[in-house]
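What follows is one structure encoded as structure tokens, with my remarks underneath.
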Amino acid sequence: MPSLRLLGAAALVALAAAGLVIASGRTAAAQEPGEPGEAVYRSICAACHQADGAGLPGVFPPLAGNPSVEDADYVRTVIGAGLSGPLEVNGVAYDGVMPAQSQLSDDDVEAVIAYLQAGLPGAGAAPAAAGDPVLGRELF
């Protein structure tokens, strides 16, 4: 598979929808030492939602500052079943597909929910605007 740094946002969306932007078949908690929720987030979620949870405006919704993150049952359902179709987060419209992350164990899901609800590093920062060159360098 080509390096993710060479792919555009549309290609990343297509790969994510196909389940190909998932680190491997292994759970993240088994891959990295440290807090399991952070390891899961960094290996599974950050590719789309970004390391700081800011997402990409209009493409991938933010998790930082997203009121839905406080509803553990909702987050658990989205992780397990995926989500598609239009939604609005903090006044920005999204209409994409998040594939189900069925490869995650129940413990991994609970760990990432706890990590999200505890707050992401840099979560207080405003999301970068679409077309931001710094954000582009981070992604690619």
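The values are calculated or read from the model by the stated rules, or taken from the named source; none is laboratory data. Just so it is clear, the model here is predicted, and its values are computed rather than measured. Glycine gets a Cβ as well: all are built from the backbone with ideal geometry, and neighbour counts include every protein chain shown. Only protein heavy atoms, including side chains, enter the accessible area calculation; ligands, DNA and RNA are left aside. Shrake-Rupley method; radii C 1.70, N 1.55, O 1.52, S 1.80 Å.
Quick check: anything in region 108-117 in a loop (DSSP other than H, G, I, E, B), out of contact with any Phe, Trp or Tyr (no Cβ under 9 Å at 6 or more places or on another chain) and not hydroxyl-bearing (S, T, Y)?
The answer is no; no qualifying residue exists.
Among the residues that make up region 14-25, is at least one of them of a type outside the set (A, V, I, L, M, F, W, C), modelled with pLDDT under 55 and open to solvent by less than 60 Å² (accessible area, probe 1.4 Å)?
Checking region 14-25: at least one residue is of a type outside the set (A, V, I, L, M, F, W, C), modelled with pLDDT under 55 and open to solvent by less than 60 Å² (accessible area, probe 1.4 Å).
Within region 67-86, which residues are exposed (fewer than 15 other Cβ atoms within 10 Å of the Cβ) and assigned to a strand (DSSP E or B)?
Those that are exposed (fewer than 15 other Cβ atoms within 10 Å of the Cβ) and assigned to a strand (DSSP E or B): S84, G85, P86.
From D106, D52, grab the single residue that is at pLDDT 50 or above and surrounded by fewer than 14 Cβ atoms within 10 Å (Cβ to Cβ).
Every option except D106 fails the conditions.
Regarding Y94, is this residue touching a strand residue (DSSP E or B) at 6+ places or on another chain (Cβ under 6 Å), open to solvent by less than 50 Å² (accessible area, probe 1.4 Å) and outside any loop (DSSP other than H, G, I, E, B)?
Answer is yes for this residue.
For region 26-49, which positions are in a loop (DSSP other than H, G, I, E, B) and modelled with pLDDT of 55 or more?
Within region 26-49, E35 is the sole residue that qualifies.
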